[in-house]
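Visitor: I'd like to ask you about the structure that follows.
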Amino acid sequence: MQPALQPTLYESLEALPEGVTGEILNGQLHTHPRPSGAHVGVGSILGAKLTGPFYEGSGGPGGWWIIDEPEIHFKYDIEVAVPDLAGWRRKRMPYLPEDQRFEVVPDWICEILSPSTASRDREVKMPLYAHYKVQYAWLIDPVKRTLEAYRLDAGTWIEIGRFADADQVAVPPFEAMSLDLKGLWAPLRPVLV
């Protein structure tokens, strides 16, 4: 009798139940539940604000793909990250992949921090993004209402700005647009009836 074959990490990732996101980081499968409404709201609003000027060229330079939760394969089916948002200059990635695997390293990533993912985003994923030469990274904390922006310089993340609350910012690589941070936090305000 032949021993049963163990599934690969990627096969285990694909077999996760609906509502669970999986990543393969440094050879380990990491899972977490779908994010909270506030988390998703911030990501959706930011993606919408960037799409007009940077994807469509409406009020900005265009030339970018801005994608929610792409499955980035730094190493095909072996090193797989799923940032909250990622962006590619279209001159580097002229077409979207036919399946879910993005194999071109993004130019920019954005991680939206939550209590269950913040340490992994900072301590595991940021070094991984630097290793694979992602040029820009943003970390957004919807609870603290902050945006931290970094650029890669000789393999090291250099902080290029830390912003909060209602700051009006122009942050690389999207400095062609002024971003009003208070608009990101709008879904977190209680609604009075």
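Visitor: Name the residue, out of 125, 144, that is out of contact with any Pro (no Cβ under 6 Å at 6 or more places or on another chain) and loosely packed, with under 15 Cβ neighbours inside 10 Å.
Guide: 144
Visitor: What are the pairs with Cβ atoms under 6 angstrom where one residue, in the stretch 153-180, is under 18 Å from residue 50 (Cα atoms) and the other, located anywhere, is in a strand (DSSP E or B) and among the charged types (D, E, K, R)? Sequence gap at least six, or different chains.
Guide: Every condition considered, the pairs that remain are 168/180.
Visitor: Out of curiosity, is residue 167 over 22 Å from residue 25 (Cα atoms), buried (at least 16 other Cβ atoms within 10 Å of the Cβ) and either of a type in the set (D, E, K, R) or in contact with a strand residue (DSSP E or B) (Cβ under 8 Å, 6 or more places away or on another chain) (or both)?
Guide: Working: over 22 Å from residue 25 (Cα atoms): yes; buried (at least 16 other Cβ atoms within 10 Å of the Cβ): yes; either of a type in the set (D, E, K, R) or in contact with a strand residue (DSSP E or B) (Cβ under 8 Å, 6 or more places away or on another chain) (or both): yes.
Here the answer is yes, as residue 167 does meet what is asked.
Visitor: Considering only residues that are in a helix (DSSP H, G or I) and more than 14 Å from the chain's Cα centre (by Cα), look in the stretch 27-40 and name the one that is surrounded by the fewest Cβ atoms within 10 Å (Cβ to Cβ).
Guide: Here is the first cut: in the stretch 27-40, the residues in a helix (DSSP H, G or I) are 37-40.
From what's left, more than 14 Å from the chain's Cα centre (by Cα): 37-38.
Numbers: 37: 10, 38: 15.
Once the filter is applied, the top-ranked residue is 37.
Visitor: Among the residues of the stretch 4-26 satisfying the criterion of being part of a helix (DSSP H, G or I) and in contact (Cβ under 8 Å) with a residue 24 or more places away in the chain, which is farthest from the chain's Cα centre (by Cα)? Reasoning before the result, please.
Guide: Narrowing the stretch 4-26 to residues part of a helix (DSSP H, G or I): 9-14.
Now drop any that are not in contact (Cβ under 8 Å) with a residue 24 or more places away in the chain, which leaves 9-10, 13.
Working: 9: 21, 10: 20, 13: 18 Å.
Checking each candidate, the answer is 9.
Visitor: Additional query: Can you tell me which residue within the stretch 101-137, out of those that are touching a residue at least 60 places away in the same chain (Cβ under 8 Å) and among the aliphatic types (A, V, I, L, M), is nearest to residue 31 (Cα to Cα)? Outline the logic, then answer.
Guide: So in the stretch 101-137, the residues touching a residue at least 60 places away in the same chain (Cβ under 8 Å) come out as 107-108, 110, 112, 114, 116-117, 120, 124-125, 128.
Going one step further and asking which of them are among the aliphatic types (A, V, I, L, M), we end up with 112, 124, 128.
On the way: 112: 16, 124: 13, 128: 17 Å.
Of everything passing the filter in the stretch 101-137, 124 is nearest to residue 31 (Cα to Cα).
Visitor: Suppose we filter the stretch 68-85 for residues that are buried (at least 20 other Cβ atoms within 10 Å of the Cβ) and more than 14 Å from residue 125 (Cα to Cα); how many remain?
Guide: Summing the residues that are buried (at least 20 other Cβ atoms within 10 Å of the Cβ) and more than 14 Å from residue 125 (Cα to Cα) in the stretch 68-85 gives 1.
Visitor: Give me a count of the residues in the stretch 128-140 that are surrounded by 16 or more Cβ atoms within 10 Å (Cβ to Cβ) and either among the hydroxyl-bearing types (Ser, Thr, Tyr) or modelled with pLDDT under 95 (or both).
Guide: Number of matching residues: 2.
Visitor: Residues in the stretch 138-161: is at least one more than 22 Å from residue 24 (Cβ to Cβ), assigned to a strand (DSSP E or B) and in contact with a Gly (Cβ under 6 Å, 6 or more places away or on another chain)?
Guide: Within the stretch 138-161 (the criterion being more than 22 Å from residue 24 (Cβ to Cβ), assigned to a strand (DSSP E or B) and in contact with a Gly (Cβ under 6 Å, 6 or more places away or on another chain)), the answer is yes, since at least one residue qualifies.
Visitor: Consider residue 83 against the criteria (1) without any contact (Cβ under 8 Å) to a residue 40 or more places away in the chain; (2) closer than 24 Å to residue 41 by Cβ; (3) in contact with a Lys or Arg (Cβ under 8 Å, 6 or more places away or on another chain): it satisfies all of them except one. Which criterion is unmet?
Guide: So the condition that residue 83 fails would be (1).
Visitor: Another question, if that's okay. Quick check on the stretch 54-63: of everything there that is touching a strand residue (DSSP E or B) at 6+ places or on another chain (Cβ under 9 Å) and in a helix (DSSP H, G or I), which residue is surrounded by the fewest Cβ atoms within 10 Å (Cβ to Cβ)?
Guide: So the first thing to find is which residues in the stretch 54-63 are touching a strand residue (DSSP E or B) at 6+ places or on another chain (Cβ under 9 Å), and the list is 54-55, 63.
If we keep only those that are in a helix (DSSP H, G or I) too, we end up with 54-55.
On the way: 54: 25, 55: 18.
Here the answer is 55.
The values are calculated or read from the model by the stated rules, or taken from the named source; none is laboratory data. This is a predicted model, so every value here is computed, not measured. Quick reminder, even Gly has a Cβ in these numbers, built from the backbone with ideal geometry, and neighbours come from all protein chains shown.
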